[in-house]
Amino acid sequence: MDLSRRLFISGATLTLAAPALLRHGLAQSAPIKIGSLTPLSGGGGPYGPEKAKAHRAVVDLVNTAGGVLGRKVELIADNTETNPEVAVRAARKMIDADRVCAIAGTWASSETLAIMPLCQDANVVQVYTGSSDYLPNGDRKGLCFNLQPLNQAWCVALADLAAKRGFLEVAFAGPKNDFAASMGESFASALRKVGGKIVGEPFYYNPNQVSYRAEAERLIATRAPAIFIAGYVTDFTAVYRELVRGGYKGKVFTLSFAVGPDFKKVVGSAADGILHGSPVPPVGKDAYDVYLNLVCLKPNGQVQAPYGCAAYDEMNLLLLAIEGAKSTEGPRIAEYIRRIANGPGERVTTFADGAKLISTGKGINYDGASSSVEFLPNGMLKSRDFALYEIQKGEDTLILTTTSIVD
Amino acid sequence: MDAYLVAILTVAGVYVVLALALNLQFGLTGLINFGVVGFFGIGAYASGIATETLGLPFVGGLMVAILAGGVTGVGVALLSLRLSGDFLAIVTLGFAETARLVFNNEDWLTGGPRGFIIRTRPVMSGLSRDVTAWAVLGLVAAAALITFLVLRRLADAPYGRILRAIREDDLVPSTLGKNVFVYRLQVFVVGSAAMAAAGSLYAHYVQTITPDNFTTPVAILVWMAVIVGGAGNMLGSVLGALLVTVLYEGSRFVTAGISVLDAEQISALRFILIGTVLILTIRFRPMGILPESQRRASASVPPTTP
């Protein structure tokens with residue numbers, strides 16, 4: 001057979017166009033792809049796995065019941081290593097190769113912010129947990145939803161507690177990262193509102209140091225009656241040890257994730273007296289128990305899987321919104337997330353209940369495992385429960401639970 | 001998928017430039033520079049500051065980056081080049097870490113941990129997303145090609161021969177009247193400037209740079225590229241950089257079909273896979289995939305007139 005130029009060109013064109021044509025034809029029955037991008041190692045390592053498991057559990061449950069819009073849901077999972085650079089590469093693969101319509105699960109604010117320009121460009125919805133006050137800024141298209149309250153809300157509760165205990169002069173320290181920087185600013189303004197002030201300059205140290213002796217000495221030298229340290233468990237443990245060794249006698253405030261079981265085991269009785277707080281799931285609420293049972297945990301009246309329950313909500317919201325929007329286009333999904341989260345409509349706590357109501361054309365209002373999931377216009381959470389604890393005899397003793405509300 | 005391939009090739013192109021620069025320093029001259037990522041970062045930030053803070057166009061940013069990389073290279077080299085082998089490695093490693101800490105702590109200049117947003121694109125604005133991606137790839141590929149041609153010319157010239165002699169035994173060229181220190185300095189500075197240029201390309205491609213983009217694992221990847229490709233062979237470095245990037249990114253797809261393992265185990269499996277392939281390469285091709293060509297003795301070269 002002679003291969004004429006015309007035959008060659010038309011043949012080549014067809015071959016090159018084939019994938020595009022096939023993709024178009026298959027799109028109607030292909031699975032709906034969603035990215036699950038969680039920190040499975042690094043600083044977020046203690047919390048990423050529970051988020052990944054929650055995503056997987058929801059998707060498996062929905063798929064066995066027939067999927068979304070009659071299509072299977074395919075979860076594309078990857079690890080951010082709690083590193084924005086890695087997160088960007090993983091997100092690029094999810095967006096350009098897998099063509100996901102949404103990415104759920106980023107944890108550290110730096111990861112969420114790093115992948116935001118990519119997601120905005122490709123109209124991909126982001127649902128995440130993060131608390132840096134800068135998070136709402138990069139979302140030009142209204143595609144981002146946060147299931148964690150921002151630092152401002154955490155700091156109001158912590159500053160109130162400090163004032164109540166009579167500590168109006170508090171020193172601030174934290175690792176040099178986005179989260180702690182924004183925490184420092186918010187805490188200073190919250191403390192000013194209750195009549196207190198920050199002693200000296202807010203003090204930022206470099207994470208992953210071998211020793212924090214010099215940092216601890218500097219903090220002690222401020223002679224502050226109390227210190228608020230907004231660290232992660234790795235650096236907080238080291239800084240706290242040096243503070244105790246250096247003979248610091250004042251009060252230490254911190255965040256609950258820094259003083260988990262690992263910390264208490266290492267520090268022992270020296271941990272007594274630390275005051276700490278963090279957003280908590282509504283213990284005892286039906287939706288929270290449904291989540292715990294789904295991931296094979298027993299409700300025991302205590303806070304368990306504080307980020308897993310938020311991930312459960314992330315996935316439920318996304319799938320319900322796709323079902324409601326009858327579309328996998330980012331802006332349409334985002335529009336429906338707003339509608340489903342804030343209502344008006346009947347209260348639902350699972351995908352199955354919600355999908356049933358949607359098919360009858362009724363409005364729904366999703367009530368989640370981590371909070372009631374109501375969003376402000378900028379995609380940030382309206383309110384969430386917040387608990388304050390004191391460590392006594394090696395155990396967390398609850399001081400109070402408040403609901404932080406952002407106006 | 002095609003968009004993803006373009007993205008991966010663009011990143012690979014940046015790694016090619018880095019690997020070529022390191023090959024000049026290590027493969028040819030034997031300078032152990034573990035501070036690759038420091039120069040890479042300085043280039044990225046210098047270019048970002050030049051275009052965003054000072055308002056220069058992309059080409060200006062690239063020039064500033066090359067200049068900054070070169071000047072820093074001179075500084076580091078003057079301080080440390082008299083150190084031999086392992087000690088130079090430690091100093092350069094320390095330099096890279098210092099550079100990262102500066103990026104992280106000088107918020108007024110670099111934006112600190114929040115990152116530095118770079119809006120200036122290396123190609124003309126107003127193109128569609130796909131066309132821009134292709135254009136950036138073209139630019140990075142051109143830069144990689146230019147670096148390759150220049151460095152290969154350098155390696156094949158008499159200049160390259162002196163560098164190899166320095167690598168094997170620096171006593172020999174110095175007995176022949178060559179100033180070993182000056183050669184080392186030149187190589188270190190040229191390499192650093194090329195690394196900084198790679199940083200500039202990378203910064204304008206990713207558009208957000210944070211200090212976390214410039215941690216030691218990036219340098220390890222570049223080292224892997226040079227060693228797997230074949231130290232001393234410029235084409236080997238190109239191949240090595242492409243291979244390492246393909247392996248690093250491609251392993252995401254290999255593990256996608258495994259549903260028995262959870263996400264945590266799959267992500268660990270990727271690194272086991274990458275490690276295994278590298279160990280096998282080193283085991284069976286210790287000189288790299290494309291070893292440095294052994295030159296024949298100069299018997300065939302006609303004698304030159306005195």
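No value in this document is a laboratory result; all are computed from the given coordinates. Just so we're clear, the structure is a prediction, and the values are computed from it rather than from any experiment. Methodologically, a virtual Cβ is constructed for each residue, glycine included, from the backbone with ideal geometry; neighbour enumeration extends over all protein chains shown.
Worth a mention:
- Cα centroid of region B:1-53 to Cα centroid of region A:171-229, whole Å: 36 Å
- Among A:Glu201, A:Glu329, A:Glu374, the largest mean-square fluctuation in a Gaussian network model of chain A (Cα springs under 10 Å) belongs to A:Glu201.
- Principal-axis tilt of helix A:308-325 within chain A, Cα atoms, nearest 10 degrees: 30 degrees
- Helix A:233-245 vs. chain A, principal-axis angle (Cα, 0 to 90°, nearest 10): 10 degrees
- Selection among A:Met183, A:Ser404, A:Asn79 by position relative to the dipole of chain A gives A:Asn79 as farthest towards the positive end (Cβ unit charges, Cα centre).
- Karplus (6.51, -1.76, 1.60) ³J(HN,Hα), θ = phi - 60°, over region B:125-136, in Hz, Gly and Pro reported as x: 7, x, 7, 6, 4, 5, 5, 4, 4, 5, 5, 5
- Tilt relative to chain B, helix B:2-22 - C-alpha long axis, 0 to 90 degrees, to 10: 30 degrees
- Fluctuation leader among A:Ala221, A:Ala104, A:Ala387 - chain A, Gaussian network, Cα springs under 10 angstrom: A:Ala221
- The Kirkwood hydrodynamic radius of region B:2-215, based on inverse pair distances between different Cα atoms, is 17.6 Å.
- Within chain B, longest stretch free of exposed trypsin sites (Lys or Arg not before Pro) [DSSP loop, at most 13 other beta carbons within 10 Å]: B:120-294
- Unit charges on C-beta of K, R, D, E only; dipole of the protein assembly as shown, Debye: 1060 debye
- Spin-label model, B:Ala157/A:Arg213: points 7 Å from Cα along the beta carbon direction are separated by 5.2 nm.
- Estimated FRET transfer efficiency (A:Lys393, A:Glu329; beta-carbon r; R0 60 Å; 0.05): 0.65
- Under a Gaussian network description of chain A, with springs only between Cα atoms under 10 Å, the residue in A:Asn137, A:Asn316, A:Asn151 that fluctuates furthest is A:Asn137.
- FRET efficiency estimate (nearest 0.05) - Cβ-Cβ, B:Ile272 to A:Lys265, R0 25 angstrom: 0.25
- Annotation: amide H-H contacts under 5 Å for A:Ala369 (H modelled 1.01 Å from N, sequence separation of 5 or more, or interchain): A:Asp313.
- Per-residue 3J(HN,Hα) values for region B:243-249, derived from phi via the Karplus relation 6.51 cos²θ - 1.76 cosθ + 1.60 with θ = phi - 60°, read 5, 4, 5, 4, 5, 5, 7 Hz in sequence order (x marks Gly and Pro).
- Taken residue by residue and averaged, Cβ atoms of other chains lying within 10 Å of the Cβ of B:108-119 number 3.
- Electrostatic dipole magnitude of region B:2-215 [Cβ: Lys, Arg +1; Asp, Glu -1; Cα centre; debye, to 20]: 400 debye
- Scanning residues 5 or more positions from A:Val73 or on other chains, those with amide H under 5 Å from its amide H are A:Ile32, A:Val68, with H placed 1.01 Å from N in the peptide plane.
- Backbone N within region A:48-89 under 19 Å of label point (7 Å from A:Cys296 Cα along the Cβ vector): A:48-64
- Here the scattering of the protein assembly as shown is modelled by Debye summation over its C-alpha atoms, one equal scatterer each and no solvent; at q = 0.10 Å⁻¹ the log10 of I(q)/I(0) is -1.04.
- Rounded, prolate or oblate (a/c below 1.5 giving rounded, otherwise prolate when a/b exceeds b/c) for chain A by Cα gyration tensor: prolate
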